[in-house]
Amino acid sequence: MHFDLVDLSLFRHVVEAGSITHGANRANLALAAASHRIRSMEASLGAALLTRARLGVTPTPAGRTLLAHARQILGNVERLQGDLAAFAGGAAGQIRVLSNTNALTEFLPEVLSAYLAEHPGVSVDIEERLSDEIVGLVAEGAADLGLVAGTVETGSLATFPFRRDRFVLVVAGDHPLAERASVTFAEVLGHDLVGLDRASALTRFLSAKAGRSGQPLRLRVQLRGFDAVCRLVECRVGLGIVPETTARRAARTMAIATVALEDPWAVRDLTICLRDLAALPPFAQDFVAHLRAPRE
């Protein structure tokens, strides 16, 4: 049995993506080459590593064991590269980050800009997920760290405060709700909405909240950014739920009004979660330091 680092990295990507096709894309391999490598790994082991189904793949018991070792080996290699890079004149490596929608769109860009300017040899792989999904994936070793809502149970993970924000309702300046100081999410569900695409963590979160109240989320338009949501709200296409930081910025140039949401979940204390700060390579520890640094 012989697996090289490319095999281990590919297998990790395939399991985390739930698909050989998407895993191959993440590993920068052609689908045929990736499929051949997976089959060769299974033949070498003499056991199936993946259960293949119409909707994707999942690891078998042997695959879960391999995944745990692959994550540990690849993590050690990344730490080795980071430690040795200091002798070559600079840090080099990759940081895997999982983030919820709010942190990703409102706060990470500024931190990333400053960090990457100081670390030209480091790349940051960011994936948007729901907060509760992020906790599980970080605990499993699928990512180096996560940015989650402070209300999520993080178990044994180490946590550090990141930012505070809240979701608010934005409406056109002449909409009847513009006169209100606050509304409940249940009241909002009676109106057409403009939101992010259905794959976004926020839209999935709001859809789940709407489902629990027995009402559908009436999304008339789905977009890829909060600024675009505010623009269509201004044009009276529907109402929008966006971070307060976005609403304040957009209100400077758009005819929109901001209305507070009364629901407790609207307040968002964002938290950094990770397994062990000391176990991260130095360049990743420095990234965490950038995240924790007070805003100027």
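The values are calculated or read from the model by the stated rules, or taken from the named source; none is laboratory data. The structure displayed is predicted, hence computed values, not measured ones. Neighbour counts are summed over all protein chains in view; Cβ atoms, including those assigned to glycine, are modelled from backbone coordinates with ideal geometry. All accessible areas refer to the heavy atoms of the entire protein, side chains included, with ligands and DNA or RNA removed. Shrake-Rupley method; radii C 1.70, N 1.55, O 1.52, S 1.80 Å.
Some observations on this one:
- Test result for Thr105, polar (S, T, N, Q), in a loop (DSSP other than H, G, I, E, B), more than 26 Å from Gly75 (Cα to Cα) and not assigned by the TED database to the domain that holds Met254: no
- Among the numbered conditions (1) within 25 Å of Arg12 (Cα to Cα); (2) open to solvent by 30 Å² or more (accessible area, probe 1.4 Å), the only one that Pro120 does not meet is (1).
- Given (1) in contact (Cβ under 8 Å) with a residue 24 or more places away in the chain; (2) open to solvent by 20 Å² or more (accessible area, probe 1.4 Å); (3) outside any loop (DSSP other than H, G, I, E, B), index of the condition Gly63 fails: (2)
- Qualifying positions in the range 28-60 - β-branched (Val, Ile, Thr) and assigned to a helix (DSSP H, G or I): Ile38
- Looking only at residues in the range 105-117 that are in contact with a strand residue (DSSP E or B) (Cβ under 8 Å, 6 or more places away or on another chain) and open to solvent by 50 Å² or more (accessible area, probe 1.4 Å), the one that is nearest to Ala149 (Cα to Cα) is Thr105.
- Unique residue being touching a residue at least 12 places away in the same chain (Cβ under 8 Å) and loosely packed, with under 13 Cβ neighbours inside 10 Å when the list is Leu50, Leu5: Leu5
- Flag for Ser200 being on the phi < 0 side of the Ramachandran plot, open to solvent by less than 10 Å² (accessible area, probe 1.4 Å) and of a type outside the set (A, V, I, L, M, F, W, C): yes
- The set of residues from the range 172-190 being surrounded by 14 or more Cβ atoms within 10 Å (Cβ to Cβ) and under 27 Å from the mean Cα position of the chain (by Cα) comprises Phe185, Ala186, Val188, Leu189.
- Check on Glu128, farther than 27 Å from Ala201 by Cβ and open to solvent by less than 70 Å² (accessible area, probe 1.4 Å): no
Yes/no per residue for (1) within 17 Å of Asp263 (Cβ to Cβ); (2) at pLDDT below 90:
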site	(1), (2)
His175	no, no
Leu193	yes, no
Ala199	no, yes
Leu219	no, no
Gly225	no, yes
Ile241	yes, no
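- Residue within the range 81-91 that is part of a helix (DSSP H, G or I), farther than 23 Å from Phe162 by Cβ and either open to solvent by less than 70 Å² (accessible area, probe 1.4 Å) or assigned by the TED database to the domain that holds Val14 (or both) present: yes
- Qualifying residue in the range 215-228 (condition: buried (at least 18 other Cβ atoms within 10 Å of the Cβ), assigned by the TED database to the domain that holds Val168, within 23 Å of Ala178 (Cα to Cα) and aromatic (Phe, Trp, Tyr)): yes
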